[in-house]
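What follows is a single structure, written as structure tokens, with notes after it.
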Ligand SMILES: Cc1cc2nc3c(=O)[nH]c(=O)nc-3n(C[C@H](O)[C@H](O)[C@H](O)COP(=O)(O)O)c2cc1C
């Protein structure tokens, strides 16, 4: 990615659904040396390695199955799901920005019922570790979607999207209020025993207080960051560059802020923290792990390089070997914040 323009290059249509023509399967994926233990734990769930796809940037996973061995990822986090199908915002819905992109897809999706009947069987067959990103416009909807997913075979964890910055109702409304966060998490906790991972917004002064609220309400982990509320204006027309006006900023531009927030949350809670925001390579992923993330998610980078997974997972493994560290878990939170 350059400094002026990210060169992301992915068409809008690909973003919501994933791209089904990505070429041949990467045969190296999945073959990992036994001497390094990459596995990490999120609640009762063991991930084979700490690298997951970020919601909304990897379709429902199945669209990428021709190119990526889904079972080789630590987890496949699928696009956010409401109870019903949802159209999302009209185009233009994405714009490239310096070292990143702004999107306001508007949580377009097929709804939980179609996901369970049309996508989950293939994810099961491909032995993916499936994390479903759950959305809602009310506490009841979050709970209902989560209940349906808990009854379905092949869902391994629920990520609660209380942080989407670009929809009118739901999402960030809950994630920007400590009580809203607590209410959603405790309501969903009552209906599922699946690992529960509320996804936090960075659009607050102190994300760690939200991590604490989530932990108190029974979360097994928290993930962060969702996108930063942002605005890009076309100076000729003096209109926003995307139809929704505001959108969410992702990509390398946000990484140092995201790493800081992950570090702070790690200090504030005892449950695992899943980190994301601008990870483009193994070194970026390692930064999050060292800051305190138990696992990471990769979003925008997948639009640039859909074959990125093996490079990131392999790069983490190489690093551990080079530093004589036998287990990925030994790296988590190992940052030395002493003065230079
Ligand atoms: C096109 C697009 C769609 C997204 N859709 C969702 C979504 O449905 N649910 C969600 O929780 N986050 C969604 N996100 C946020 C990402 O999962 C991630 O938190 C964010 O992009 C930061 O990571 P990145 O810089 O690696 O992309 C979306 C991001 C993008 C760019």
Exercise for review: Kindly indicate whether any position in the range 227-236 is in a helix (DSSP H, G or I) and within 15 Å of the chain's Cα centre (by Cα).
Suggested key: no
**Study point:** Top-ranked residue of the range 292-319 - restricted to ones that are assigned to a helix (DSSP H, G or I) and within 17 Å of the chain's Cα centre (by Cα), ranked as surrounded by the most Cβ atoms within 10 Å (Cβ to Cβ)
**Key:** 309
Review point. Can you find a residue in the range 322-334 that is within 15 Å of the ligand (Cβ to nearest atom), outside any strand (DSSP E or B) and buried (at least 22 other Cβ atoms within 10 Å of the Cβ)?
Key: no
Review point. In the range 286-316, what count of residues is obtained for those that are within 10 Å of the ligand (Cβ to nearest atom) and touching a strand residue (DSSP E or B) at 6+ places or on another chain (Cβ under 9 Å)?
Key: 7
Review point. Taking interchain pairs and intrachain pairs at least six residues apart, which have beta carbon atoms under 7 angstrom, with the first residue in the range 280-296 and without any contact (Cβ under 8 Å) to a residue 60 or more places away in the chain and the second part of a strand (DSSP E or B)?
Key: 288/275; 288/296; 291/275; 292/273
Exercise for review: Filter the range 204-226 for residues that are within 16 Å of the ligand (Cβ to nearest atom) and in a helix (DSSP H, G or I) and give the result.
Suggested key: 207, 210, 211, 214
**Study point:** Neighbours by Cβ (under 7 Å, 6+ apart or cross-chain): first from the range 133-150, farther than 13 Å from residue 192 by Cα and assigned to a loop (DSSP other than H, G, I, E, B); second within 14 Å of the ligand (Cβ to nearest atom) and modelled with pLDDT of 95 or more
**Key:** 135/80; 135/81; 135/82; 135/161; 136/82; 136/142; 136/145
Review point. Can residue 86 be described as more than 20 Å from residue 311 (Cβ to Cβ), in contact with a strand residue (DSSP E or B) (Cβ under 6 Å, 6 or more places away or on another chain) and surrounded by fewer than 19 Cβ atoms within 10 Å (Cβ to Cβ)?
Key: yes
Exercise for review: Among the candidates 296, 335, single out the residue that is within 18 Å of residue 77 (Cβ to Cβ) and modelled with pLDDT of 95 or more.
Suggested key: 296
Point to revise | strands (runs of 3 or more DSSP E) completely within the range 52-119 that count 3 or more residues being in contact with a helix residue (DSSP H, G or I) (Cβ under 6 Å, 6 or more places away or on another chain) and at pLDDT below 95 | key: none
**Study point:** Count - residues of the range 168-203 that are out of contact with any helix residue (DSSP H, G or I) (no Cβ under 9 Å at 6 or more places or on another chain), part of a loop (DSSP other than H, G, I, E, B) and modelled with pLDDT under 95
**Key:** 3
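The values are calculated or read from the model by the stated rules, or taken from the named source; none is laboratory data. Just so you know, these numbers come straight off a predicted model, no measurement behind them. Using ideal geometry, Cβ is built from the backbone for each residue, glycine included, and neighbour counts are taken over all protein chains shown.
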